[in-house]
Structure formats: structure tokens, C-alpha cells
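Computed from the coordinates by the stated procedures, all read-outs in this text should not be read as laboratory data. Since this is a predicted model, take the numbers as computed values, not measurements. Note that each Cβ is placed from the backbone with ideal geometry, even for glycine, and that neighbours are counted across all protein chains shown.
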Amino acid sequence: MNVLVAGGAGYIGSHTVKRLKEAGHNPVIYDNVGRGHREVIDILKVPAVIADLNDRPKLLAALRDHKIDTVMHFAAYAYVGESVDQPLMYYQNNVATTVNVLDTMKEAGVSRFVFSSTCATYGDPDSIPITEDEKQLPVSPYGRSKLMVEHVLKDLQVGWKDFKFAALRYFNACGCATDGTIGEDHDPETHLIPVILQAILGVKPGITVFGTDYPTKDGTNVRDYIHVDDLADAHILAMEKLDTLKTVFCNLGTGNGFSVKEIIATAEKVTGKKVPVTFGPRRAGDAIALYANPKRAKDLLGWEAKHKNPESIIQSAWNWFKDHPRGYGK
Ligand SMILES: NC(=O)c1ccc[n+]([C@@H]2O[C@H](COP(=O)([O-])OP(=O)(O)OC[C@H]3O[C@@H](n4cnc5c(N)ncnc54)[C@H](O)[C@@H]3O)[C@@H](O)[C@H]2O)c1
């Protein structure tokens, strides 16, 4: 299929472009590189349009020129804290921009859409592991912006009969391409595994663990760490599944929860180096434990995470970070 990957120069988008190419599809990156990396385009050697998704003539031309069948939409802002400080920026780029993408797709007659949603749409869940039937009460503008798009997608399907979509709710994306060619580079970096590895490499002074008195196995927060290649594979399966299904809502996680202390210990084992850690008080807004029930993705898409333990995930990230301690080209 010809796939427009909006946000394809970013972390998850770039890994999906790589997997799409390997699977014999034709990905086209569409990214304004505001938070992405031009280097990715050179490394992946795929057609790319460097433009904003709000540039309607350019987006329309990209959809038509490349005879796009499916849009995979990764482009968004994705910092919870930033969304609290600058909510309008989040509603603008995550909601209004997505509406523009969908409207332009409609004009071009492109009717298949795979959307990056998030476990943040669940807010504080009533029960874990989290199923897709959990109530969705997000606690940040970021989570709300993603939930709003889920509503837009459902509403759009009512009047646009050909429109098909998959909304994939990821848990904590992590890891890097196992061949070390592309990796994770956010600025600022807030994700646990990169921060740990950058602390080991001396790029960051150390890491702070927020809260050691949670009612979990060792007192620290528990999360579901899902390898970026597993996420990429799920997108491809979801896209293919839209041949027969009109609507897909799925969690993407391993179904296993690991604590912050377990991740630190695994990073020390993989790298053979000590992590400089400071223990601090709990941070407002951090849920105790979040992990997925991934059954629906298995039943619906035939997808299951291949990286089920943090060791292989951290090994893949270490392969990248030890050669790129400050990310692409820095
Ligand atoms: N990283 C995670 O753990 C995680 C978890 C759940 C959901 N998500 C979602 O997955 C998606 C990808 O996350 P990521 O970590 O790869 O983010 P990222 O910031 O690395 O990538 C996003 C890309 O989108 C581009 N972009 C943003 N706005 C754009 C616009 N208006 N026009 C053109 N390009 C634009 C950026 O330049 C960047 O390359 C996001 O939608 C995020 O909300 C991420």
C-alpha cells in the first residue's frame, strides 16, 4: 500500500516507516520536522514532504501525487506537562490539525486512517490491567486532545460511509530499531529508558525517581513498556485489517507491568554500568500503575508484543544510545 506517514520523521513514525518499507509497502514521510529529524529521511531513503499538515495544498498534493491509500497519523505534541502549561497549543496541533488532515483526506478520496492514540485517554483507571472498555476520563489536555480525536473519528464515520479507521492506544513506547540505524531523540527527553541511558553516558547528571512509597511491589510506579518495533508492526496489521473492518480501537501494550526500580536494575545489567539515582517525593498526577490488557489486539489484529521483557527493549535502546548519546547529528 502507499502510506502517508504524518510525523514520519519522529520517533514512532520513523520506526514505522522502516517496518513498512521492510514489509513491501511504500511509505511517504510527511513532517514539518519541528520535533522530528531530517537525518531520519536520509537514513530511511523514502520519499518525504517537509511541510506542515496545516498546509492544505501541500498535503492534498502529497495525497494525490503519491496515490496514497492510507494515512498513518503520528504527528502531534506529546508532553503531558507542556499540555497543562499550553493547552491551546495542544488542542490546535492535536485536534484542529487532525481535523484538517481528515478533511483533506476526504477531498482526496483517501478513506483509511490509522491514529496514534494513547493510554492517557484513560486517566486514572478503575481497574488494571486496562481493557478498552475502561472509562475514558483523561486528566491532562494531552489526553483529552487524543480522546477528542477518537470522538471525531467516530462522528466522521456516520456520514462518510467509506471511512475506516484504527485508533491505537499505546502504553509507554520505548526501545530503538534493533539494527541500530534509527532511535529515540526527543527534546527535552522525558521518557524513563532514554533518561537512564543518558545518565549512564554522562549526558544527564542522573535520574530522579519520584516516589518510593506507592503500593506496588517495590514502592515505585509500574508501567507497560512496549517496544517501538512492536508498535510499528501493530500499525501495519491494523492498516491491513481495514480491508475487512471499519472501526478498530485497541490497546497496544505487553500486558506486563515493570516498576521504575526494575527498569533501572535491568539497565544496569544490560550496560554493566551504575545509574546515578536520586530518590524524591511523589510527583503530582503520576498514576500508581498502568498496564494494558492486550487481548483485543491479539483477537482482532493477530498482534502480540515480541519484546515482552525490559532486557531486550533496553538492549535495543542501548545499541543506539551508546553511539548517539545526544541523539541524531549532535
Ligand atoms: N512516545 C510515546 O510513548 C507515546 C505513547 C502514546 C502515544 N504516543 C503518540 O504517538 C505519536 C508519536 O509520538 P512520538 O514519540 O513519535 O513523537 P515525536 O515528537 O517524536 O514525533 C511527532 C512528529 O510529528 C511531527 N509533527 C508534529 N506536528 C506536526 C504538524 N503540524 N505538521 C507536520 N508534522 C508535525 C514532528 O515534527 C515529529 O517529527 C504522537 O501522536 C503521540 O501522542 C506516543
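The orientation-averaged projection of the convex hull spanning the C-alpha atoms of the chain amounts to 15.4 square nanometres.
What's the extension gain from Lys269 to Asp42 if we count 0.36 nm per residue and subtract their Cα-Cα distance? Please list the in-between numbers first.
Working: separation 227, 0.36 × 227 = 81.72 nm, distance 3.35 nm.
Gain in length upon complete extension: 78.4 nm.
Among the listed pairs Lys45/Lys164; Lys274/Lys306; Lys21/Lys306; Lys45/Lys269; Lys273/Lys322; Lys45/Lys106, which are separated by more than 23 Å between their Cα atoms?
Details: Lys45/Lys164 29 Å; Lys274/Lys306 28 Å; Lys21/Lys306 19 Å; Lys45/Lys269 35 Å; Lys273/Lys322 12 Å; Lys45/Lys106 28 Å.
From the list (Lys45/Lys164; Lys274/Lys306; Lys21/Lys306; Lys45/Lys269; Lys273/Lys322; Lys45/Lys106), the Cα-Cα distance tops 23 Å for Lys45/Lys164; Lys274/Lys306; Lys45/Lys269; Lys45/Lys106.
On C-alpha positions alone, give me the angle between the axis of helix 56-65 and the longest principal axis of the chain, in degrees, nearest 10. Helix 56-65 sits at roughly 80 degrees to that axis.
Taking 0.36 nm per residue of separation and subtracting the Cα-Cα distance, what length does fully extending Lys298 through Thr131 add? Please report the intermediate quantities before stating the final value.
Working: separation 167, 0.36 × 167 = 60.12 nm, distance 1.26 nm.
So the chain would gain 58.9 nm between Lys298 and Thr131.
Extension gain for Trp160-Asp103 works out to 19.4 nm (0.36 nm per residue, less the C-alpha to C-alpha distance). Straight-line cross-link partners of Lys217 among the aspartates and glutamates, defined as a Cα under 17 Å from its Cα and at least 8 positions apart when in the same chain: Glu262, Asp286. Helix 228-241 and the longest principal axis of the Cα set of the chain meet at an angle near 30°. Between helix 260-271 and the chain there is an angle of about 90 degrees, using the helix long axis and the longest principal axis of the Cα atoms.
Calculate the FRET efficiency for Val277 and Val139 from the Cβ-Cβ distance with a Förster distance of 41 Å, rounded to the nearest 0.05. Mind showing how you got there, number by number?
Values: r = 27 Å, r/R0 = 0.65.
Computed FRET efficiency for Val277 and Val139: 0.95.
Nearest 500 deg cm²/dmol is fine: what mean residue ellipticity at 222 nm does the chain get from its DSSP H runs of n ≥ 4 alone, each adding -39,500 (n - 2.57), divided by its residue count?
Rounded to the nearest 500, it is -11000 deg cm²/dmol.
Which whole-number percent is the relative contact order of the chain (Cα, under 8 Å, 6+ apart)?
Computed value for the chain: 19 percent relative contact order.
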